[in-house]
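Step one of this worksheet: look at the structure below.
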Amino acid sequence: MNQIVKIILLDILKNKIVLIYTLILSALCWSSFALEDNSAKGLLTVLNIILFTVPLVSVLFATIYLYNSSEFIELLVSQPVKRQKIWLSLFLGLTLSMVLAFAVGAGIPLLIFAPDTIGLMMLLVGALITVIFISLAFLSSILTRDKAKGIGIAIMVWLFFALLFDGIVLFLLFQLADYPIEKFMVVMAALSPIDLARIQILMQLDVSAMMGYTGAIFKDFFGTSVGLIVSFLLLCLWSIIPFYISLRKFKQKDL
Amino acid sequence: MIQIKNITKKFGKLTVLDQVNLNFQAGQCIALIGPNGCGKTTLIKSVLGMVLPDSGSIEYHKKPIAREHQYRANIGYMPQIGRYPDHMTIGQIIEMIKKVRNQWTDLDQELIEAFGLEKMFDKPMRTLSGGTTQKVSAVLAFLFNPEILILDEPTAGLDPLASEILKEKIIKEKQRGKLILITSHLLNELDDLITEIIFMQDGSVQFHEKNNILKQRTGEEKISKAIAKILKDNQHESNR
């Protein structure tokens with residue numbers, strides 16, 4: 001591992017926020033498993049917690065950390081270090097520490113209460129969601145020099161994907177209920193990483209029946225192994241593309 | 001050693017550097033002077049690759065520096081306002097840069113001793129005064145024994161004693177054949193240091209001359225007076 005990643009990783013792990021995040025996540029997961037009598041219900045609760053808190057903490061923490069590292073970045077740019085390496089090291093340091101926090105906080109209860117493919121898949125999806133929102137944080141922090149604006153963009157990104165997007169989808173569902181929009185809904189789902197993750201887990205939990213005809217279409221697509229692979233690839237694209245755009249912008253940035 | 005060819009840089013509508021051509025050789029000690037906002041710092045940052053010029057090229061040993069990074073191992077840079085991670089201590093910062101540069105030998109610790117920084121090694125950067133931060137910047141610039149030193153307002157904020165230590169160090173490095181580039185407003189301080197003067201205004205180079213030739217031409221003993229005379233003459237000409 002290169003020196004810069006090590007420095008960043010140590011710096012983040014010393015930060016109390018990551019520790020608190022781990023503790024809160026584990027408290028939420030342990031309690032929701034302990035309160036529900038069967039693990040499937042517990043899993044659904046944990047799923048909602050993961051899809052709500054993990055993106056928020058990832059995107060906010062990463063954005064704030066990046067703005068606070070502006071001095072560090074400036075210092076490194078004047079040293080014989082490739083810009084690409086600086087940006088990649090920051091990304092690696094942040095993702096490694098946040099994924100670690102997630103794995104410790106939510107992974108341990110998940111593997112204890114649901115030691116099967118669903119548990120493992122939740123762990124994987126949660127880790128991917130963490131990476132995706134850190135990647136989006138990189139994009140929002142490179143868009144503006146102003147810290148307040150950057151954090152604002154990050155919050156808007158989270159708000160959009162966690163709340164607004166579902167609202168828009170529901171609105172479309174009701175408005176266009178008379179038309180055959182099921183296939184279109186599958187495409188819509190791919191436009192939000194959170195929905196993609198949610199559908200993927202729901203398909204595994206066999207509660208798709210609750211979603212009516214759309215659920216059946218989803219099951220037709222996401223339930224198959226091809227659908228599973230496609231949606232995982234989509235999640236991977238979501239984690240790479242925003243970061244890649246930010247990397248290209250960072251290389252052109254004047255410091 | 002460094003050749004700047006026709007570089008132009010715009011920040012929005014403002015042209016900060018306008019077709020700048022310069023040539024620096026080893027053993028020179030160059031003063032970069034000019035009014036505030038004339039593009040001195042932008043020029044320096046372009047050489048360091050921190051600011052990317054819109055057009056033109058900069059060459060180090062006849063090789064363009066665009067998208068390169070290794071050449072910076074030969075440059076020591078002291079920024080005008082050093083900005084460091086708040087929570088790190090002086091010792092940690094120095095250790096970190098050593099790690100990043102991966103250079104553990106051939107270190108020049110003279111300034112650490114001269115400034116007496118050892119006893120402050122465990123002080124966090126946020127508690128330091130502006131002057132002490134400047135000392136840390138100076139130490140980092142000289143530490144790796146680079147062949148080029150770029151000092152942006154090196155003595156601003158330093159007390160007279162520290163500023164004298166730094167000046168002596170600069171003279172010593174100059175005698176060892178290094179290229180030294182200084183920007184400063186304190187012209188009198190530069191008198192016994194520099195060999196050449198570059199005067200910039202509104203993003204372009206007004207003149208680039210050897211110190212002694214400039215003094216001969218204007219018939220003045222001090223740099224500050226020589227510059228003032230040239231500026232006055234220029235004004236006369238434009239008024240006429």
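The Stokes-Einstein estimate for the stretch B:51-139, based on a Kirkwood radius over Cα pairs and taken at 20 °C with 1.002 mPa s viscosity, is a diffusion coefficient of 143 µm²/s. Using a cutoff of 8 angstrom between alpha carbon atoms and counting only pairs six or more residues apart, the relative contact order for chain B works out to 27 percent.
The string of couplings for the stretch A:105-113 from the Karplus curve (6.51, -1.76, 1.60, θ = phi - 60°) is x, 9, x, 5, x, 4, 6, 7, 8 Hz, one whole number per residue in order, with x for Gly and Pro. For the stretch B:142-238, the relative contact order works out to 21 percent when only alpha carbon pairs closer than 8 Å and six or more residues apart are counted.
Per-residue shielding of A:79-88, expressed as the average number of other chain Cβ atoms within 10 Å of the residue Cβ, stands at 5. Counting Cα-Cα pairs of the stretch B:85-134 in 10 Å increments starting at 0 gives whole-percent bin shares of 24, 55, 22, 0.
Counts of other chain beta carbons within 10 angstrom of each beta carbon in peptide A:2-12 average 2. Eigenvalues of the alpha-carbon gyration tensor of the stretch A:122-255, scaled by 5 and square-rooted, set the equivalent ellipsoid semi-axes at 31, 17, 12 angstrom, largest first.
Rounded to two decimals, the Cα-based Rg/Rh of chain B, with Kirkwood Rh, is 0.97.
Averaged over the residues of peptide A:68-75, the number of Cβ atoms from other protein chains lying within 10 Å of each residue's Cβ is 5. Residue by residue, the stretch A:233-248 carries 3J(HN,Hα) couplings of 4, 4, 4, 5, 4, 4, 7, 8, 4, x, 5, 4, 4, 5, 5, 5 Hz when phi is fed to the Karplus relation 6.51 cos²θ - 1.76 cosθ + 1.60 (θ = phi - 60°); x denotes Gly or Pro. Can you check what the net charge comes to around residue B:27, using other residues whose Cβ is under 15 Å from the Cβ of residue B:27 (Lys, Arg +1; Asp, Glu -1)? Charge balance near residue B:27 sits at +2. For residue B:149, the amide hydrogen comes within under 5 Å of the amide hydrogens of B:76, B:179, B:180, B:181, counting only partners 5 or more places away or on other chains and with H modelled in the peptide plane. The simple Förster model, with R0 at 51 Å and r as the Cβ-Cβ distance, assigns residue A:166 and residue B:87 a FRET efficiency of 0.85. Rounded to the nearest 500, the helix-only mean residue ellipticity at 222 nm of the protein assembly as shown stands at -19000 deg cm²/dmol, with each DSSP H run of n ≥ 4 adding -39,500 (n - 2.57). For the stretch A:1-114, the equivalent ellipsoid derived from the Cα gyration tensor has semi-axes of 34, 12, 11 Å, listed largest first. Here the Karplus relation 6.51 cos²θ - 1.76 cosθ + 1.60, evaluated at θ = phi - 60°, turns the backbone of the stretch B:211-228 into coupling constants of 3, 5, 5, 4, 5, 4, 4, 8, x, 10, 8, 9, 4, 4, 5, 4, 5, 4 Hz, with x for every Gly and Pro. Do any GluC sites (Glu not before Pro) in the stretch B:210-240 lie in a loop, going by DSSP, with at most 12 other beta-carbon atoms within 10 Å of their beta carbon, and if so which? For GluC sites (Glu not before Pro) across the stretch B:210-240 that sit outside H, G, I, E and B with at most 12 neighbouring Cβ atoms in 10 Å, the list reads B:221. As a calculated quantity, the FRET efficiency between residue B:206 and residue A:244 at R0 = 35 Å, using C-beta atoms, amounts to about 0.20. Its convex hull of Cα atoms gives chain A a direction-averaged projected area, equal to a quarter of the hull surface, of 14.6 nm².
Here is the result for the stretch A:69-115: no chymotrypsin sites (Phe, Trp or Tyr not before Pro) lie in DSSP coil with at most 11 other C-beta atoms within 10 angstrom of their C-beta.
Just want to confirm a number: the relative contact order over chain A, from Cα pairs under 8 angstrom separated by 6+ residues, in percent.
It rounds to 25 percent for chain A.
Summarising the strand pairing of the stretch B:2-239, around 55 percent of its internal DSSP beta bridges are antiparallel. The overall shape of the protein assembly as shown is prolate: from the C-alpha gyration tensor, with semi-axes ordered a ≥ b ≥ c, the ratio a/c is 1.5 or greater and a/b exceeds b/c. Near residue A:217, once Lys and Arg are set to +1 and Asp and Glu to -1 for all other residues with Cβ below 11 Å from its Cβ, the sum equals 0. Give the percent of DSSP beta bridges with both residues in the protein assembly as shown that are antiparallel, rounded to the nearest 5. If I count the DSSP bridges inside the protein assembly as shown, around 55 percent turn out antiparallel.
The calculated FRET efficiency for residue A:23 paired with residue B:5, based on their beta-carbon distance and R0 = 56 Å, is about 0.45.
Each value in this text was obtained by applying a stated rule to the coordinates, not by laboratory testing. This structure is a prediction, so every number in the text was calculated from the model and none was measured. A quick note on method: Cβ atoms are made from the backbone with ideal geometry, for glycine too, and the neighbour counts reach across all protein chains shown.
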